[in-house]
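Before any comments, here is the structure.
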Amino acid sequence: MLTAAVRALHREEPPPWVLDDELALLLAGGDGDEITRRLRTELPPEDLLAFSRWLCVRARLPEDVVQQGIANGVRQYVILGAGLDSFAHRRGDLLERLRVFEVDHPATQAWKRLRLQELGIGHPANLTYAAVDFETQTLRDGLVAADFDFGAPAIFSWIGVTMYLTKDAIMSTLETVLAAAPKSRIILTYNRPVSALESAEAGTARTLRQITQEMGEPFISLFEPAEIEQLLLKIGFVDIVHFGPTEAARTYFQGRSDIRLHGSQYIVIATVPE
């Protein structure tokens, strides 16, 4: 809900937008409105703007990787911890050539599907919900049950999740992804320690961390770029690519000298070796 509310805030800027997620606030509903009010109260406008831009960048980048992958024959896209992601309802142009698997807790998915039904939003033909309760089921079992093909290449998106998990849980998920077909790719985010941030970024990070902790989602695992790269290489991934605020500004805000992006979270892309 927090993520959806912040994605919606990006639409208050003049277009063009990095991501035009017109469904975000509708899905979040009244709780999303309350979160938005709290963010406006507790974050300075420029910090909230920087944060909303970053959340749209981190949603847009996997979609761009998927579009590129489709051109190279990829036909499977897995969204891990999908939450209120709206890709399958916005990108019908890509779903014509792509199977999308949304992986999340059964209760979360049930809530989302009911919300979509209340809004009168239909179910895309190529979308599969892979409900996984990690207390009783592995990610691999959940994907197999959803008819995911481990023998065909896929793109995995794992956005805004790793900071809530233990390192063992992170490694378990990455090992499952590594079992996918060669040249499969994963795009994931990781949060940096507050001690590594500049003062303005550290203040925003503390506020957001406090809000999510009060929602029952405390931060557990934080990484620096070298640490996450070492972990990915140790598991067996190759071709590690880092994508942070500098790369985001260059990619999605060309010619804009006024752009500031929230810098406590980075993205990394890794590939399953041949």
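Couple of notes before you dig in:
- Scanning the stretch 97-139 for residues that are open to solvent by 40 Å² or more (accessible area, probe 1.4 Å) and of a type in the set (Asp, Glu), we see that the one that is nearest to Gly83 (Cα to Cα) is Asp133.
- Scanning the stretch 63-75 for residues that are touching a Phe, Trp or Tyr at 6+ places or on another chain (Cβ under 9 Å) and either modelled with pLDDT under 95 or over 12 Å from Ala154 (Cα atoms) (or both) yields a single hit, Glu63.
- Looking at Ala200, Ala226, just one residue is modelled with pLDDT of 95 or more, on the phi < 0 side of the Ramachandran plot, of a type in the set (Gly, Ala, Ser) and out of contact with any Lys or Arg (no Cβ under 7 Å at 6 or more places or on another chain), and that residue is Ala226.
- The residues in the stretch 87-128 that are farther than 21 Å from Ala169 by Cα and not in a loop (DSSP other than H, G, I, E, B) can be counted, and the count is 21.
- Counted residues, the stretch 188-202 - those being open to solvent by 30 Å² or more (accessible area, probe 1.4 Å) and not hydrophobic (A, V, I, L, M, F, W, C): 6
- On the stretch given as the stretch 210-229, residues that are over 21 Å from Ala270 (Cβ atoms), more than 18 Å from the chain's Cα centre (by Cα) and of a type outside the set (A, V, I, L, M) total 4.
- Residue within the stretch 143-151 that is surrounded by fewer than 13 Cβ atoms within 10 Å (Cβ to Cβ) and free of Cβ contacts under 8 Å to residues at least 12 places away in the same chain present: no
- Selection status of Thr173, at pLDDT below 90 and either under 23 Å from Val103 (Cβ atoms) or open to solvent by 20 Å² or more (accessible area, probe 1.4 Å) (or both): no
- Some residue of the stretch 33-47 being under 25 Å from Val268 (Cβ atoms) and open to solvent by 10 Å² or more (accessible area, probe 1.4 Å): yes
- Members of the stretch 1-17 found to be open to solvent by less than 10 Å² (accessible area, probe 1.4 Å) and touching a residue at least 60 places away in the same chain (Cβ under 8 Å), listed by number: Ala4
- Residue match in the stretch 230-242 (condition: over 12 Å from Ile269 (Cα atoms), of a type in the set (D, E, K, R) and free of Cβ contacts under 8 Å to residues at least 60 places away in the same chain): yes
- Cβ-Cβ distances below 9 Å connect the following pairs, each with a first residue in the stretch 74-103 that is at positive phi, a second residue that is polar (S, T, N, Q) and not in a strand (DSSP E or B), and a separation of six or more residues or different chains: Gly81/Thr108; Gly83/Thr3; Gly83/Thr108.
- Within the stretch 236-251, tally of residues that are part of a helix (DSSP H, G or I) and open to solvent by 40 Å² or more (accessible area, probe 1.4 Å): 4
- Residue count, the stretch 1-42 (criterion: touching a Phe, Trp or Tyr at 6+ places or on another chain (Cβ under 7 Å) and either β-branched (Val, Ile, Thr) or assigned to a loop (DSSP other than H, G, I, E, B) (or both)): 2
- Residues in the stretch 152-170 that are surrounded by 15 or more Cβ atoms within 10 Å (Cβ to Cβ), more than 16 Å from Leu231 (Cα to Cα) and of a type in the set (Gly, Ala, Ser): Ala154, Ser157, Gly160.
- Of the residues making up the stretch 50-79, those that are under 10 Å from the mean Cα position of the chain (by Cα) and open to solvent by 10 Å² or more (accessible area, probe 1.4 Å) number 4.
The values are calculated or read from the model by the stated rules, or taken from the named source; none is laboratory data. These numbers were taken from a predicted model, which means no experiment stands behind them. Using ideal geometry, Cβ is built from the backbone for each residue, glycine included, and neighbour counts are taken over all protein chains shown. Only protein heavy atoms, including side chains, enter the accessible area calculation; ligands, DNA and RNA are left aside. Shrake-Rupley method; radii C 1.70, N 1.55, O 1.52, S 1.80 Å.
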